[in-house]
1. So W117 fits all but one of (1) in a loop (DSSP other than H, G, I, E, B); (2) modelled with pLDDT of 95 or more; what number is the exception?
2. If a residue counts only when it is of a type in the set (G, A, S), which helices (runs of 4 or more DSSP H) contained entirely in segment 287-346 have at least 3 such residues?
3. Can you tell me which residue in segment 303-324 is farthest from P290 (Cα to Cα), limited to those that are of a type in the set (V, I, T) and in contact (Cβ under 8 Å) with a residue 40 or more places away in the chain?
4. With the structure loaded, tell me whether E154 is of a type in the set (D, E) and assigned by TED's automatic domain parsing to the domain that holds I291 or whether it fails that test.
5. Of the residues that sit in segment 22-41 and are without any contact (Cβ under 8 Å) to a residue 40 or more places away in the chain and either out of contact with any Leu (no Cβ under 8 Å at 6 or more places or on another chain) or charged (D, E, K, R) (or both), which one is surrounded by the fewest Cβ atoms within 10 Å (Cβ to Cβ)?
6. Against the definition (of a type in the set (G, A, S), assigned to a helix (DSSP H, G or I) and surrounded by fewer than 17 Cβ atoms within 10 Å (Cβ to Cβ)), how does A184 come out, yes or no?
7. Between S238, S272, which is of a type in the set (G, A, S), touching a helix residue (DSSP H, G or I) at 6+ places or on another chain (Cβ under 7 Å) and either buried (at least 21 other Cβ atoms within 10 Å of the Cβ) or part of a loop (DSSP other than H, G, I, E, B) (or both)?
8. Consider S288 carefully, then state whether it is within 22 Å of P120 (Cα to Cα), polar (S, T, N, Q), in contact with a helix residue (DSSP H, G or I) (Cβ under 8 Å, 6 or more places away or on another chain) and surrounded by fewer than 20 Cβ atoms within 10 Å (Cβ to Cβ).
Amino acid sequence: MGAQLRVVLDQITQVIDPDQAAASLDLARGLIATTPSGCTVEAIVPAGGAADLPGLAGTRVLPLARRELAGSWQLGIVPGVGGGLIHAPTLMAPLVKHDRLHDDDQVAVTVWDLRAWEAPELLSKSAVGWQRGMLRRAARHADVVVVPAHAMAERITSFAKLGDRVRVIAGAAPERFAVPSDAAERRTALSLPERYVVLTGSAESLEHGFRAAAAADVDAVVIDAADGAEPRLAEIASAVGLPERRAHIRGRLSSEDRAALLDGAAALVVTSSLSAWPWRAMESMSLSVPIIAVDSGVHRDVIAEGGALVSSAELSDALTDAVGAGAARLRVLAGDRARAFSWASSAERVWALHADL
């Protein structure tokens, strides 16, 4: 297959979602590393951007900045993009009518989570509107919609008429995600307690995590909390038996701080069952951190035997075991499961996908 695969790297100049931005770059590196003979990879970036990735065949710089590009593409106006094989690692894609049969044009988009449909209150109104609008465009014009889990492939058809155009290609932990040499110093700078578990989820689902931490007699550190959420989360923790002084609320952290935080944790507790790629669970598995997660279709697909999947009511007992007798076993399971994912493997599946189209 001699072809040029063009990858949309829309967050080169303006990061909107750090996880998706990092995943896009990791996938692009994987595509370059696994390029079939006779094929090349080109980047498509907003105005002012530059994709500094060794091995790229070229970079198409568009005439619009990222913000303007998002509005333009939502309306189906895609100046300067051109055709060919286009792969968007997010929903940000030039989705217009094209002729795949005669012109060999293809457009693939990626959906990492379904919060805009399942829990729109967790996002801004503009983000919800944009994501829903782009999925509607994808339903009309995308050749394929990629999701990272089989449960999401089933779920997304409830929100868009995609027929047989849904494909599953998992993500992976960030390529450069590792415990920094100054991890202890970073944990001190973050004012972390000596013994703690890390919680992820929405305010409503975190209630179960706080209750489990109280039952296990460990402090809880919430990660990725929204700005201004600390008072409410501390109140929820206190209401279920975890004193405010033992509930530590943290917002978005750098990858180095996040790795230091997870490395020092007795366990990660994933409290949400929404259809979303579990970014922190992937990172935790790569560091062999014990994982307790609320049972869901996505968690069965992704975490699987790499952690303990339980109901919300069973979190307390599961966490008590995870920070005690079950810790060593869960660390081994997490590390083993992490080896099932890599960006090179994901990239190979992307190449195969476009070849099949």
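1. (1)
2. Details: elements: 297-302, 315-322, 327-338.
By residue number, 315-322, 327-338.
3. Of all residues in segment 303-324, those of a type in the set (V, I, T) come to 303, 310, 320, 323.
Still in the running and in contact (Cβ under 8 Å) with a residue 40 or more places away in the chain: 320, 323.
On the way: T320: 12, V323: 8 Å.
Once the filter is applied, the top-ranked residue is T320.
4. Details: of a type in the set (D, E): yes; assigned by TED's automatic domain parsing to the domain that holds I291: no.
It is false that E154 is of a type in the set (D, E) and assigned by TED's automatic domain parsing to the domain that holds I291.
5. For segment 22-41, the residue satisfying everything is S37.
6. Values: of a type in the set (G, A, S): yes; assigned to a helix (DSSP H, G or I): yes; surrounded by fewer than 17 Cβ atoms within 10 Å (Cβ to Cβ): yes.
Spelling it out, A184 is indeed of a type in the set (G, A, S), assigned to a helix (DSSP H, G or I) and surrounded by fewer than 17 Cβ atoms within 10 Å (Cβ to Cβ).
7. S272
8. Numbers: within 22 Å of P120 (Cα to Cα): no; polar (S, T, N, Q): yes; in contact with a helix residue (DSSP H, G or I) (Cβ under 8 Å, 6 or more places away or on another chain): yes; surrounded by fewer than 20 Cβ atoms within 10 Å (Cβ to Cβ): yes.
So S288 fails the test.
The values are calculated or read from the model by the stated rules, or taken from the named source; none is laboratory data. Note that the coordinates shown come from a computational prediction; the quantities given were computed from them, not determined experimentally. A quick note on method: Cβ atoms are made from the backbone with ideal geometry, for glycine too, and the neighbour counts reach across all protein chains shown.
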